[in-house]
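What follows draws every value from the coordinates through simple rules; no lab data is involved. None of the values given here were measured: they were computed from a predicted structure. Cβ atoms come from the backbone with ideal geometry, glycine included; neighbour counts cover every protein chain shown.
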Amino acid sequence: MIDDWKFVKEVHKFNQLPNDSIPEFVFWGRSNVGKSSLINFIVKKNIAKISRTPGRTKSLVIFQLKNDFRIIDMPGYGFSKISKINEIKLDKLLETYFKKRENIKNIFILLDSRHLLKEIDSQIINQLNLVTEKEIILIFTKFDKIKSKAEKEKKYIDIEKIKKKLHKNVFNTSIKESSGIVLLKKFLYKSIIK
Ligand SMILES: Nc1nc2c(ncn2[C@@H]2O[C@H](COP(=O)(O)OP(=O)(O)O)[C@@H](O)[C@H]2O)c(=O)[nH]1
Ligand SMILES: [Mg+2]
């Protein structure tokens, strides 16, 4: 398949979203988890900004492959110094998007392989479960940062535990190495054919 990706738009309000039924895959996670890098790798273009000052934008950024499907780059969470972990609330735009947007195919929560599931990620997943029944899938990023073989093996075991505990599908990825991302791309293509 030819990767004919384009940037569609950045939206600040629910009613600015495209009015059609093209499926949307949502990419979300803590600031700096590697969301934009992963999106760039998937679309094979530098269209998602790699941030050096994370956590500023509160908008949804939309990318689209032909008329087949979209990737939605959500604003990263967990950056604000004021938000206490037990006070996590979804931003209004995000809440409306998750509640009302029928285009959503599934939601990917990105987790840094070094830190795995942090308290804030669990909180976010709980919040999501309150507003949507769409499938949540975990993507562990920056796998190349796990250096030793022993460390890697321990990670696989820990990831397996998280997978079982949360009943979620998982992908392990690294932008330094394509195999994990190839599996993820296959999953995206396959799920829109179904
Ligand atoms: N080594 C390594 N670094 C990564 C990987 N993914 C992202 N990064 C780095 O992590 C930082 C944050 O990435 P970014 O994509 O901007 O994260 P975002 O805030 O979630 O969009 C950048 O310096 C990236 O180069 C990865 O798979 N491996
Ligand atoms: Mg980003």
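The table that follows gives values for the structure above.
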| quantity | calculated |
| --- | --- |
| Cα centroid separation - the range 123-194 against the range 8-39, whole Å | 18 Å |
| Total formal charge among the other residues, if their Cβ is under 15 angstrom from that of residue 162, Lys/Arg +1 and Asp/Glu -1 | +4 |
| Residue-count net charge about residue 7 - beta-carbon cut-off 14 Å; Lys, Arg +1, Asp, Glu -1 | +3 |
| FRET E, pair residue 118, residue 186, Förster distance 35 Å, beta-carbon r, rounded to 0.05 | 0.80 |
| Contact order relative to length of the chain, as percent, for alpha carbon pairs under 8 angstrom and 6 or more apart | 23 percent |
| Charge dipole magnitude, Cβ of K and R +1, D and E -1 - the chain, Cα centre, debye nearest 20 | 380 debye |
| Which of 33, 61 has the fewest Cβ neighbours within 10 Å, and the rest in rising order | 61, 33 |
